[in-house]
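Note sheet for the following structure.
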């Protein structure tokens, strides 16, 4: 599928020559799988339950020890366990909201590009308006309206504020594709508009959607962490990387381990997503995928 | 004479442009009978492809037909059909072969899928049946290893094989009319001959009518029985192939034929027709070919020539028909 997206014949390239390019893709790919496995396997990896408050009365933040390699938070909870469980929230919320954004943006963009005319104008101007609103600010205002926002609400909010770019770029792709001969040929063969769109155009959108989705994931992870850090995301006692960071940000002494470990988790997953998006974009080099 | 398969009457296509309406096709009329091959000849931009697209009612954005234009397939008036009915005709009764097979095939779909899809769009055939019909048709147009080729993507096939696949796609549902828009222009000379053979064989096999659009007079001589020469959106000459080649009457036709290289006459340089086609937004008054014509005189600047019958199947749009003594040697 990837190769056939280019119009020219792909020449057989010796394996050795392909290596550097493939490594740029494989390293972040392995890292993503690793991060996802950690999230899935959190219950087995975590030494103690993430919300367990010690019964021996040590309800205080302590720096890393043998018993608690990542230290404990002000409530005495094991930070390692909380970071592991936090991966589930951070990556889960990110993935689901991006799926929503890509799906919604993809449909809006495809419809606008395919229908053209008034529909296109109205939808794209709407996107222009929405793009003018700062995303974090909008999220802050909206999350502040809820006393306790359920996780599903957070996912929907992130999804509904993340589709604008997708719609724009998909629309541009569809417009360009509509001028290609194979679309005219499909019409001449009696294909209905729905069939042209679904069978002939949508397969071409995969590179764009994949790259934008991966980039969007990095964005969503940061946004979720930001909101949770401010106490507007996940609700206590649930652990997310952002909320652990927030737990460390209280007056009364430096607790570097509460910043370092969840910080590493956020940074590494965002970098991984960006590297993967970049590698995917290079992979689809024949195609122009806007960022 | 029996009822024609296709009747095009007073076809006018206009595009709205910034510099005013462009009359890209201007009052083109012709008929095509079953089993017949009609060639539309002319240089780029003279309206050949638009004429073909009009038949399928697939004009590009911004182009529209005049309300008086009539395109009749058997007894159906195509200009008045609902979009759904038209889709039923496209691909089933009227199919089109495109100029560049590599571009006209979807690069991300397997050849077999693209063909099977045409079957599935028009019939109740199952996925498997449609695939079988696709493979069978690929075999019929001479694609070697058809079952294997059907599973490949367009970029894995040569240009010639892709064009065969396009032809197979056009012939899948036994259309009565096939429009071939420059079917050989993008191909190597040796492959061109093969593709023409395939078209000829299929025409003999199914009795389909072929509307052949080309600027290659060699292809015309190979396949067509009748020729329409178009210039600047108008028909300038219509004649059976043999007659046209022996005695071209319109100076433009004569110029086109003279510009075909031959091996039996030694020439320093091929004669050409000076100048270019005028812009469709500003056709000159009088004869549109006047500025490039070696015979033109005052009348040509004032009086637009009409398409005149000069022999039973021979029509010409030129004042030389009335005043043959004006023709210069």
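The values are calculated or read from the model by the stated rules, or taken from the named source; none is laboratory data. Since this is a predicted model, take the numbers as computed values, not measurements. Please note: Cβ atoms are built from the backbone with ideal geometry, for glycine as well, and neighbour counts cover all protein chains shown.
Odds and ends about this structure:
- Wholly enclosed helices (runs of 4 or more DSSP H) of the stretch A:160-267 bearing at least 2 residues over 21 Å from the mean Cα position of the chain (by Cα) and at pLDDT 90 or above: A:164-178, A:181-188
- Any hit, the stretch B:190-207, residues being at negative phi and either assigned to a loop (DSSP other than H, G, I, E, B) or within 14 Å of chain A (Cβ to nearest Cβ) (or both): no
- Within the stretch B:310-319, if we keep just the residues that are within 18 Å of residue B:243 (Cα to Cα) and at pLDDT 90 or above, the residue that is surrounded by the most Cβ atoms within 10 Å (Cβ to Cβ) turns out to be B:318.
- Verdict on residue A:148 being more than 20 Å from residue A:165 (Cα to Cα) and surrounded by fewer than 17 Cβ atoms within 10 Å (Cβ to Cβ): yes
- Residues that are under 19 Å from residue B:206 (Cβ atoms), touching a residue at least 60 places away in the same chain (Cβ under 8 Å) and touching a helix residue (DSSP H, G or I) at 6+ places or on another chain (Cβ under 6 Å), drawn from the stretch B:85-106: B:91, B:92, B:95, B:96, B:97
- Selection status of residue B:11, out of contact with any helix residue (DSSP H, G or I) (no Cβ under 7 Å at 6 or more places or on another chain) and surrounded by 20 or more Cβ atoms within 10 Å (Cβ to Cβ): no
- The sole residue among B:165, B:82 that is within 14 Å of chain A (Cβ to nearest Cβ) and closer than 27 Å to residue B:28 by Cα is B:82.
- Scanning the stretch A:53-74 for residues that are in contact with a helix residue (DSSP H, G or I) (Cβ under 8 Å, 6 or more places away or on another chain) and in contact (Cβ under 8 Å) with a residue 24 or more places away in the chain yields A:61, A:63, A:64, A:70, A:71, A:73, A:74.
- On inspection, residue A:130 qualifies as part of a helix (DSSP H, G or I) and either under 30 Å from residue A:260 (Cβ atoms) or in contact (Cβ under 8 Å) with a residue 24 or more places away in the chain (or both).
- All positions within the stretch A:169-191 that are more than 13 Å from every other protein chain (Cβ to nearest Cβ) and touching a residue at least 60 places away in the same chain (Cβ under 8 Å): A:169, A:170, A:171, A:172, A:174
- When residue A:70 is tested against (1) touching a strand residue (DSSP E or B) at 6+ places or on another chain (Cβ under 9 Å); (2) surrounded by fewer than 17 Cβ atoms within 10 Å (Cβ to Cβ), only condition (2) is not met.
- The lone criterion from (1) touching a residue at least 60 places away in the same chain (Cβ under 8 Å); (2) within 14 Å of chain B (Cβ to nearest Cβ) left unmet by residue A:242 is number (2).
- Condition met for residue B:179 (buried (at least 20 other Cβ atoms within 10 Å of the Cβ), within 13 Å of another protein chain (Cβ to nearest Cβ) and either modelled with pLDDT under 90 or assigned to a helix (DSSP H, G or I) (or both)): no
- Per this entry, residue B:20 is not counted among residues that are within 14 Å of another protein chain (Cβ to nearest Cβ), more than 17 Å from residue A:190 (Cα to Cα) and surrounded by fewer than 17 Cβ atoms within 10 Å (Cβ to Cβ).
- For the stretch B:102-120, a residue qualifies if it is within 9 Å of another protein chain (Cβ to nearest Cβ), in a helix (DSSP H, G or I) and surrounded by 22 or more Cβ atoms within 10 Å (Cβ to Cβ), and the qualifying residues are B:104, B:114, B:117, B:118.
- Residue count for the stretch B:145-155, restricted to those that are surrounded by fewer than 17 Cβ atoms within 10 Å (Cβ to Cβ) and either facing chain A (nearest Cβ under 9 Å) or in a loop (DSSP other than H, G, I, E, B) (or both): 3
- For the stretch B:88-99, the condition of being surrounded by fewer than 21 Cβ atoms within 10 Å (Cβ to Cβ) and more than 9 Å from chain A (Cβ to nearest Cβ) holds for at least one residue.
- Residue in the stretch B:60-72 that is surrounded by the most Cβ atoms within 10 Å (Cβ to Cβ), counting only those that are within 14 Å of another protein chain (Cβ to nearest Cβ) and in contact (Cβ under 8 Å) with a residue 40 or more places away in the chain: B:63
- Condition met for residue B:37 (more than 14 Å from chain A (Cβ to nearest Cβ) and in contact with a strand residue (DSSP E or B) (Cβ under 9 Å, 6 or more places away or on another chain)): yes
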